[in-house]
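Asker: To start, I am sharing the structure in question, which I have written as structure tokens.
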Amino acid sequence: MDILALRNVSKHFGGVAAVDGVNCSVRQGEIFGLIGPNGAGKTTLLNVICGLADPYQGEITFKDQRIAGKKPWDIARLGIGRTFQIVQPFHGLTIRENVAIGAMFGKKGHEGSIKEALSLADKALELTGLSHRADDLATQITLSQRKRLEMARALAMEPDLLLLDEVMAGLHLTEISEMMEIVKRVNEQGITIFIIEHVMKAVMGISHRIMVLHYGKTIAVDTPERIAENSRVIEVYLGERYAARRAKRLAGSEMGS
Amino acid sequence: MMATRLTFLGKISRPLRLIAYAALAILLGLIPFTADGYWVRVCTNFFMFVIMVEGVNIISGYTGYAALGNVVFFGIGAYVTAILMSTFGLDFFIALILAGIVAGAFAFGLGMPILRTKGHYFVMATIGLNELVKQVVSNLDSLTGGGKGISLPIPSMPPRINYAFFYFVMLAIAIICVFVVYRLSKSKFGYGIRCIKANEQAAGVMGINTTMYKALAWTLSAFFTGLAGGVYAYWQTFIEPPVVFDVVFAIKMFLMLLLGGQGTVLGPVIGTFVVEFLGELIWGHAADLQLGILGTLVIVVVLFVPQGLVEVTRNKTIGRIFSTRRVKEPQPVEF
Ligand SMILES: Nc1ncnc2c1ncn2[C@@H]1O[C@H](COP(=O)(O)OP(=O)(O)O)[C@@H](O)[C@H]1O
Ligand SMILES: [Mg+2]
């Protein structure tokens with residue numbers, strides 16, 4: 001079953017199509033990867049989904065409900081949480097309070113008390129390994145922790161769909177594998193994940209399916225293995241890294257022989 | 001644990017704190033019967049500014065929208081009270097409540113469009129709004145008396161009782177107002193508006209209805225400011241547009257807010273206290289210097305204590321002097 005479906009979605013910025021007629025559907029429970037060169041329109045697509053890029057053309061349905069034209073907070077309450085590529089913590093609030101905001105105003109936000117929100121926050125902090133920084137301010141933590149704060153905050157909203165925008169960018173290798181573990185654990189809890197990522201090893205390793213965006217257009221949607229072999233994808237995106245490395249490897253073997 | 005207590009007195013042990021509150025209550029209760037009429041008026045004025053500065057604090061300090069033209073609600077409150085009492089013969093307290101409601105409704109209706117603007121545009125829009133309403137009031141002669149102003153029924157009380165009456169009415173509203181801001185700071189709504197100030201876009205995608213929250217924050221702000229205007233009108237028994245829609249008034253409110261500490265419950269009280277009483281003391285000696293000295297004070301505070309004077313009470317060294325136990329938890333954000 002599809003939890004999210006995009007039909008012919010386009011977003012223009014003054015004549016330039018940042019997203020250009022995208023069609024895709026994300027299945028309930030999967031990890032759906034989105035890759036593509038810088039400026040391909042990945043973040044814009046995320047903004048469109050969560051209501052930050054209104055108005056746009058096309059149709060988006062979430063859990064069989066049309067969400068085009070809805071406000072960000074209405075979309076959030078339907079069960080879509082997101083993180084920001086450039087972290088956007090609430091300054092002046094502690095880490096725990098930052099996360100509790102998700103519980104206070106997210107999917108079931110209107111129901112619980114502040115106390116309940118704080119205990120929900122503690123769960124999200126534990127899952128993301130931030131419990132020991134709960135009482136610190138957002139300015140006092142590392143980039144890796146800020147990325148996890150973005151995750152924790154969105155998780156506390158108890159979303160059905162989580163949109164992640166480059167949560168691994170700028171992290172060390174160990175931090176990347178930690179983040180991969182977190183994403184997998186979240187997914188195992190039944191939360192569908194839509195993840196934008198540049199770290200190939202990570203996105204190839206955890207995604208069930210991957211979509212490739214290029215100049216706002218979809219050029220492939222497939223399993224990670226087949227995406228890695230797709231000549232068009234290698235040409236426009238993977239090529240940048242993969243081709244160089246392969247050439248080096250080839251050159252190395254020639255010299256060896 | 002989340003610390004959202006009145007840190008000011010919160011660090012003092014409980015019995016001491018109760019004694020402090022009782023002493024304050026007795027002091028406030030005795031002032032109108034013992035102090036010189038001049039000082040009773042100064043105190044009443046102080047309470048009035050506490051109400052208005054807390055009002056600005058809600059929309060500006062907590063929500064992040066610098067409503068410099070907030071004085072418009074003071075004027076509206078004053079005029080609604082005046083018209084309802086003089087023209088329609090309503091009782092003061094009924095007129096006053098209606099004045100607050102009209103000011104609040106005005107903010108809610110206009111908040112939806114005006115709060116879509118941000119930063120300098122919002123500041124200018126609120127000043128424009130104040131000028132616009134001032135012009136309308138100045139020209140609606142049949143209803144408002146126009147530029148000549150409007151008189152209210154003179155309260156039939158002996159002067160001493162008259163002073164005490166307005167002293168206690170302002171004091172009561174000021175206490176309610178501070179209490180409401182205190183409750184607000186600990187509520188979901190309070191968290192919502194603080195998130196709007198910190199990052200409006202992120203607040204929206206976390207499920208906060210930013211449009212509604214901003215409008216409600218401004219409504220509450222306008223309601224209290226309108227009440228202050230209403231009491232002021234009856235107190236003065238005569239109002240005119242340049243006085244109750246005075247932008248200098250508005251600037252003074254911001255000065256008090258920045259000085260005391262915006263986005264805190266007690267900052268406005270501290271800032272107003274310093275400006276009103278310091279101003280009053282200087283006034284007697286060198287009226288010309290008043291604004292200059294206050295201006296200098298603001299620059300010093302902005303440079304060295306950007307969080308406002310309330311931050312000084314939170315200072316660890318000073319805090320320890322008052323403290324009966326170790327301050328272990330992180331410093332609370334609100335106070
Ligand atoms: N708010 C905006 N106004 C104008 N152009 C924008 C805006 N946001 C994104 N763009 C443009 O849209 C294109 C896609 O950007 P973005 O979605 O951020 O790409 P990605 O996330 O894939 O790197 C870029 O050319 C970018 O300059
Ligand atoms: Mg991006």
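The values are calculated or read from the model by the stated rules, or taken from the named source; none is laboratory data. Keep in mind that what you see is a predicted model, and the values were worked out from it rather than measured. Ideal geometry is used to build each Cβ from the backbone, glycine not excepted, and the neighbour counts take in all protein chains shown. Accessible surface areas use protein heavy atoms only, side chains included; no ligands, DNA or RNA. Shrake-Rupley method; radii C 1.70, N 1.55, O 1.52, S 1.80 Å.
Asker: Answer with yes or no whether B:Thr264 is open to solvent by less than 10 Å² (accessible area, probe 1.4 Å), in contact with a helix residue (DSSP H, G or I) (Cβ under 6 Å, 6 or more places away or on another chain) and not in a helix (DSSP H, G or I). Outline the logic, then answer.
Answerer: On the way: open to solvent by less than 10 Å² (accessible area, probe 1.4 Å): yes; in contact with a helix residue (DSSP H, G or I) (Cβ under 6 Å, 6 or more places away or on another chain): yes; not in a helix (DSSP H, G or I): yes.
Yes; evaluated as a whole, the condition is true for this residue.
Asker: For A:Ala53, which of the numbered conditions (1) surrounded by fewer than 23 Cβ atoms within 10 Å (Cβ to Cβ); (2) facing chain B (nearest Cβ under 9 Å) fails to hold?
Answerer: (2)
Asker: So, one more: Just the residues that are surrounded by fewer than 23 Cβ atoms within 10 Å (Cβ to Cβ) and either among the basic types (Lys, Arg) or under 18 Å from A:Asp2 (Cα atoms) (or both), please, taken from the stretch A:194-206.
Answerer: Answer for the stretch A:194-206, where residues must be surrounded by fewer than 23 Cβ atoms within 10 Å (Cβ to Cβ) and either among the basic types (Lys, Arg) or under 18 Å from A:Asp2 (Cα atoms) (or both): just A:Lys201.
Asker: Residues to consider are B:Gly119, B:Gly10; find the one that is open to solvent by less than 20 Å² (accessible area, probe 1.4 Å), more than 16 Å from the chain's Cα centre (by Cα) and at pLDDT below 90.
Answerer: Values: B:Gly119 fails: open to solvent by less than 20 Å² (accessible area, probe 1.4 Å).
That would be B:Gly10, the only listed residue that is open to solvent by less than 20 Å² (accessible area, probe 1.4 Å), more than 16 Å from the chain's Cα centre (by Cα) and at pLDDT below 90.
Asker: Would you please name the residue that is farthest from the other protein chains (Cβ to nearest Cβ), looking only at residues in the stretch B:144-195 that are open to solvent by less than 10 Å² (accessible area, probe 1.4 Å) and closer than 25 Å to A:Asn98 by Cα?
Answerer: Applying the filter and picking the extreme gives B:Val181.
Asker: Is the stretch A:106-114 home to any residue that is open to solvent by 20 Å² or more (accessible area, probe 1.4 Å), under 20 Å from the mean Cα position of the chain (by Cα), under 28 Å from A:Thr139 (Cα atoms) and within 16 Å of ligand 1 (Cβ to nearest atom)? Don't jump to the end; show me each part of the working.
Answerer: Restricting attention to the stretch A:106-114, the residues satisfying the condition of being open to solvent by 20 Å² or more (accessible area, probe 1.4 Å) are A:107-108, A:110-114.
Of the ones still in play, those that are also under 20 Å from the mean Cα position of the chain (by Cα) are A:107.
Next, only the ones that are under 28 Å from A:Thr139 (Cα atoms) stay: A:107.
The next check asks that each one be within 16 Å of ligand 1 (Cβ to nearest atom); those that pass are none.
There is no residue in the stretch A:106-114 that is open to solvent by 20 Å² or more (accessible area, probe 1.4 Å), under 20 Å from the mean Cα position of the chain (by Cα), under 28 Å from A:Thr139 (Cα atoms) and within 16 Å of ligand 1 (Cβ to nearest atom).
Asker: Also, I was wondering about something else. Does A:Asp64 meet the test of being surrounded by fewer than 17 Cβ atoms within 10 Å (Cβ to Cβ) and at the interface with chain B (Cβ under 9 Å from one of its Cβ atoms)?
Answerer: Values: surrounded by fewer than 17 Cβ atoms within 10 Å (Cβ to Cβ): yes; at the interface with chain B (Cβ under 9 Å from one of its Cβ atoms): no.
Considered against the rule, which asks whether it is surrounded by fewer than 17 Cβ atoms within 10 Å (Cβ to Cβ) and at the interface with chain B (Cβ under 9 Å from one of its Cβ atoms), A:Asp64 comes out as no.
Asker: Here's something else I'd like to know. Check whether at least one residue in the stretch A:154-177 is in contact (Cβ under 8 Å) with a residue 40 or more places away in the chain, out of contact with any Gly (no Cβ under 8 Å at 6 or more places or on another chain) and more than 16 Å from ligand 2 (Cβ to nearest atom), and report yes or no. Lay out the reasoning, then the answer.
Answerer: Step one: of the stretch A:154-177, the residues in contact (Cβ under 8 Å) with a residue 40 or more places away in the chain are A:154-167, A:169.
Of the ones still in play, those that are also out of contact with any Gly (no Cβ under 8 Å at 6 or more places or on another chain) are A:164-167, A:169.
Now drop any that are not more than 16 Å from ligand 2 (Cβ to nearest atom), which leaves none.
No, the conditions are met nowhere in the stretch A:154-177.
Asker: Which one is nearest to A:His198 (Cα to Cα), of the residues in the stretch A:30-45 that are of a type outside the set (Val, Ile, Thr) and more than 9 Å from ligand 1 (Cβ to nearest atom)? Reasoning before the result, please.
Answerer: First, pick out the residues of the stretch A:30-45 that are of a type outside the set (Val, Ile, Thr): A:30, A:32-34, A:36-42, A:45.
Pick out the ones that are also more than 9 Å from ligand 1 (Cβ to nearest atom) and you get A:30, A:32-33.
Working: A:Glu30: 19, A:Phe32: 14, A:Gly33: 10 Å.
Among them, the one singled out is A:Gly33.
Asker: For A:Asn47, work out the one condition from (1) touching a residue at least 40 places away in the same chain (Cβ under 8 Å); (2) within 16 Å of ligand 2 (Cβ to nearest atom); (3) assigned by TED's automatic domain parsing to the domain that holds A:Gly216 it doesn't fulfil.
Answerer: Failing condition for A:Asn47: (1).
Asker: Hey, another quick one. Can you tell me which residue is farthest from A:Glu111 (Cα to Cα) among those in the stretch B:196-240 that are open to solvent by less than 30 Å² (accessible area, probe 1.4 Å), facing chain A (nearest Cβ under 8 Å) and part of a helix (DSSP H, G or I)?
Answerer: So the residue we want is B:Ala202.
Asker: Right, here's the next one. Just to be sure before I move on: is A:Ser10 under 21 Å from A:Met211 (Cα atoms), polar (S, T, N, Q), more than 14 Å from chain B (Cβ to nearest Cβ) and within 15 Å of ligand 1 (Cβ to nearest atom) in the structure I sent?
Answerer: Criteria met by A:Ser10.
Asker: So, one more: Between A:Met168, A:Met204, A:Met151, A:Met180, which is within 16 Å of ligand 1 (Cβ to nearest atom) and either in a helix (DSSP H, G or I) or within 25 Å of A:Ala76 (Cα to Cα) (or both)? Even if it seems obvious, please write down each step before you answer.
Answerer: Working: A:Met204 fails: within 16 Å of ligand 1 (Cβ to nearest atom); A:Met151 fails: within 16 Å of ligand 1 (Cβ to nearest atom); A:Met180 fails: within 16 Å of ligand 1 (Cβ to nearest atom).
Criteria check complete, one pass: A:Met168.
Asker: In the stretch A:115-145, how many are surrounded by fewer than 18 Cβ atoms within 10 Å (Cβ to Cβ) and basic (Lys, Arg)?
Answerer: 2
Asker: Among the residues of the stretch A:97-106, is there at least one that is at the interface with another protein chain (Cβ under 8 Å from one of its Cβ atoms), farther than 14 Å from B:Phe189 by Cα and touching a helix residue (DSSP H, G or I) at 6+ places or on another chain (Cβ under 6 Å)?
Answerer: No, there is no match, as no residue in the stretch A:97-106 is at the interface with another protein chain (Cβ under 8 Å from one of its Cβ atoms), farther than 14 Å from B:Phe189 by Cα and touching a helix residue (DSSP H, G or I) at 6+ places or on another chain (Cβ under 6 Å).
Asker: Restricting attention to the stretch A:1-22, which residues are in contact with a strand residue (DSSP E or B) (Cβ under 6 Å, 6 or more places away or on another chain) and either open to solvent by 70 Å² or more (accessible area, probe 1.4 Å) or within 21 Å of A:Ala202 (Cα to Cα) (or both)?
Answerer: Hits for the stretch A:1-22 are A:Arg7, A:Asn8.
Asker: Related question: Filter the stretch B:262-282 for residues that are free of Cβ contacts under 8 Å to residues at least 60 places away in the same chain and out of contact with any Ser or Thr (no Cβ under 9 Å at 6 or more places or on another chain) and give the result. If you could, list the steps in order and put the result at the bottom.
Answerer: To start, the set of residues in the stretch B:262-282 that are free of Cβ contacts under 8 Å to residues at least 60 places away in the same chain comprises B:270, B:274, B:278-279, B:281-282.
Result: B:Val274, B:Leu278, B:Gly279, B:Leu281, B:Ile282.
Asker: Tell me which residues, restricted to the stretch B:122-143, are more than 16 Å from B:Val244 (Cα to Cα) and open to solvent by less than 60 Å² (accessible area, probe 1.4 Å). If you could, list the steps in order and put the result at the bottom.
Answerer: As a first pass, look at the stretch B:122-143 and keep what is more than 16 Å from B:Val244 (Cα to Cα): B:122-125, B:141-143.
If the condition is that a residue be more than 16 Å from B:Val244 (Cα to Cα) and open to solvent by less than 60 Å² (accessible area, probe 1.4 Å), then B:Phe122, B:Val123, B:Ala125 are the ones that fit.
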